[in-house]
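Single-structure report; data block below.
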Amino acid sequence: MTVSVPAEALGALVARIFAAAGVPEASARTVAQGLVDADLEGQPSHGVMLVDMYLARIKRGSVSTNVSGAIVSDREAAVVLDAGHALGQLTGDQSIALAVERARRFGAGVVAVRHGFHFGTARRYALQAAQADCVGIVTCNTRPLMPAPGGAERVVGNNPLAIAVPTDGAIPIVLDMATSEAAMGRIRMAEKAGTAIPGTWAVKADGSPTTSPADAIAGMLLPSGGAKGFGLAFLIDLVCGLLSGGASGDKVSPLYGDFTVPYDCSHLFVAIDVAHFVDPILFRAAAAAAAERLRGGRTAPGVSQLFAPGEPEWRNREQAQGKIRLEPAVADMLLKLAGEMHVSAAPLAAEQGQSSEEPKHAQA
């Protein structure tokens, strides 16, 4: 049975855990909010299930508790940032803000990031650009997880891509996709929950089909759209790694591998200032009208509603009404970490009938 907890209180718990590990409090809240937002949007693979991995890497030194990266190259619209293996939500916010600032001045801003770490959902940053009346494009690379068409070895990651545009109204327009049929995080969620996965998501190491999360993790993910998804993933890997002077291909380490070795991925953040091209008011209105036409289109038999890109996640958040349902394994993990870090386990302690009082030896 899942555990229902208030999102705000869950974010406070996660922030306490990170603060106890040495992350400055304001930055700990930023990281926690990014993870909680993913859960609210129905993306638990990028949510609080990641806390134990993040924390283990902080403890073992492969993730820094620094709150920002360092600019190593600055040429007007083009910037290279060395993230220094800091938490990705922090350097991601820094990078997209910098890209938007340069877009205001030059029409477009591009920030390439090396020595990066997992930054959660890419949509988070693309939407920040859209909210500033910019087109936002965000992508990153991962360790190799997918074979080339017809291949029998991992050669490229399931590198995600997010694109968001400014629009009127509450519902955002944002594409956020992995270039595999399913993100590795979803497979890890299935493994933690003890459930099978669809046979189209991955293959075993020898290329044979599987519905086992464990076999999929040891095997290979399948690209979305076959050769098209593979080609997109391959080009994302090159653009992120080569523009930043960072890692690409097998130089990116496994996220769940040796926690003493930095993940060392590369990111790319692009902002295009709409006002340099057209009136933002007209752009937003036209984008909203296009999304509304899509929603009002004819549906196929058995389909009751059509959605614009990004709308399902927005609806998930609205329907959640500020509550998150955690898998028991994730709730247990957070309870365990709270005890180890000597911080209050509220709201989980209260949900499971334990005392939610702050321990006497609490550090945060």
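Quick one: count up the residues across the stretch 37-90 that are open to solvent by 50 Å² or more (accessible area, probe 1.4 Å), in a helix (DSSP H, G or I) and in contact with a Phe, Trp or Tyr (Cβ under 7 Å, 6 or more places away or on another chain).
1
Suppose the filter is within 18 Å of Ile236 (Cα to Cα), of a type in the set (Val, Ile, Thr), open to solvent by 30 Å² or more (accessible area, probe 1.4 Å) and not in a loop (DSSP other than H, G, I, E, B); does Ile96 pass it? Full working, then the answer.
Details: within 18 Å of Ile236 (Cα to Cα): yes; of a type in the set (Val, Ile, Thr): yes; open to solvent by 30 Å² or more (accessible area, probe 1.4 Å): no; not in a loop (DSSP other than H, G, I, E, B): yes.
Criteria not met by Ile96.
Note down all Cβ pairs under 7 Å where the first residue falls in the stretch 235-252 and is over 14 Å from Asn158 (Cβ atoms) and assigned to a helix (DSSP H, G or I), the second is among the hydrophobic types (A, V, I, L, M, F, W, C) and open to solvent by less than 30 Å² (accessible area, probe 1.4 Å), and they're at least six residues apart or on different chains.
Short answer, once both residue conditions are applied: Val239/Leu268; Gly241/Ala247; Leu243/Ala112; Leu243/Leu268; Ser244/Val80; Ser244/Ala112; Ser244/Val113.
In a loop (DSSP other than H, G, I, E, B) and either in contact (Cβ under 8 Å) with a residue 60 or more places away in the chain or open to solvent by less than 60 Å² (accessible area, probe 1.4 Å) (or both): is that true of Gly302 in this structure?
Working: in a loop (DSSP other than H, G, I, E, B): yes; either in contact (Cβ under 8 Å) with a residue 60 or more places away in the chain or open to solvent by less than 60 Å² (accessible area, probe 1.4 Å) (or both): no.
In short, no.
Out of everything in the stretch 305-341 that is open to solvent by less than 60 Å² (accessible area, probe 1.4 Å) and in contact with a Pro (Cβ under 7 Å, 6 or more places away or on another chain), what residue ends up being nearest to Asp52 (Cα to Cα)?
Result: Gly322.
Taking into account only those residues within the stretch 119-176 that are within 17 Å of Gly310 (Cα to Cα) and among the hydroxyl-bearing types (Ser, Thr, Tyr), which is farthest from the chain's Cα centre (by Cα)?
Only one residue fits best here, namely Thr167.
If I filter the stretch 231-254 down to residues being over 19 Å from the mean Cα position of the chain (by Cα) and either modelled with pLDDT under 95 or buried (at least 23 other Cβ atoms within 10 Å of the Cβ) (or both), which single residue comes out as nearest to Tyr54 (Cα to Cα)?
Gly246
In the stretch 173-205, which residue that is over 12 Å from Leu221 (Cα atoms) and in contact with a Gly (Cβ under 8 Å, 6 or more places away or on another chain) is least open to solvent (accessible area, probe 1.4 Å)?
This residue is Val174.
Read through the list (1) assigned to a loop (DSSP other than H, G, I, E, B); (2) surrounded by 14 or more Cβ atoms within 10 Å (Cβ to Cβ); (3) without any contact (Cβ under 8 Å) to a residue 40 or more places away in the chain, then give the number of the only condition that Val278 fails.
It fails just one condition, (2).
Name the residues in the stretch 281-299 that are basic (Lys, Arg) and part of a loop (DSSP other than H, G, I, E, B), would you? Before you say what the answer is, go through the steps one by one.
Going through the stretch 281-299, the residues basic (Lys, Arg) turn out to be 284, 293, 295, 298.
Result: Arg298, single match.
Given (1) open to solvent by 30 Å² or more (accessible area, probe 1.4 Å); (2) in contact with a strand residue (DSSP E or B) (Cβ under 7 Å, 6 or more places away or on another chain); (3) over 24 Å from Pro172 (Cβ atoms); (4) touching a residue at least 60 places away in the same chain (Cβ under 8 Å), where does Pro223 come up short, assuming only one miss?
(1)
Within the stretch 103-119, track down each residue that is open to solvent by 10 Å² or more (accessible area, probe 1.4 Å) and closer than 19 Å to Ala86 by Cα. Spell out the reasoning first.
First, the residues of the stretch 103-119 that are open to solvent by 10 Å² or more (accessible area, probe 1.4 Å): 104-106, 108, 110, 114-115, 118.
Correct list: Arg114, His115, His118.
How many residues does the stretch 1-48 hold that are farther than 13 Å from Gly322 by Cα and charged (D, E, K, R)?
Number satisfying all stated conditions: 3.
The values are calculated or read from the model by the stated rules, or taken from the named source; none is laboratory data. A quick note: this is a predicted structure, and the numbers were derived from the prediction, not measured. All Cβ positions, even for glycine, are placed from backbone atoms using ideal geometry, and neighbour counts span all protein chains on display. We work out accessible area using only protein heavy atoms, side chains counted, and drop any ligands, DNA or RNA first. Shrake-Rupley method; radii C 1.70, N 1.55, O 1.52, S 1.80 Å.
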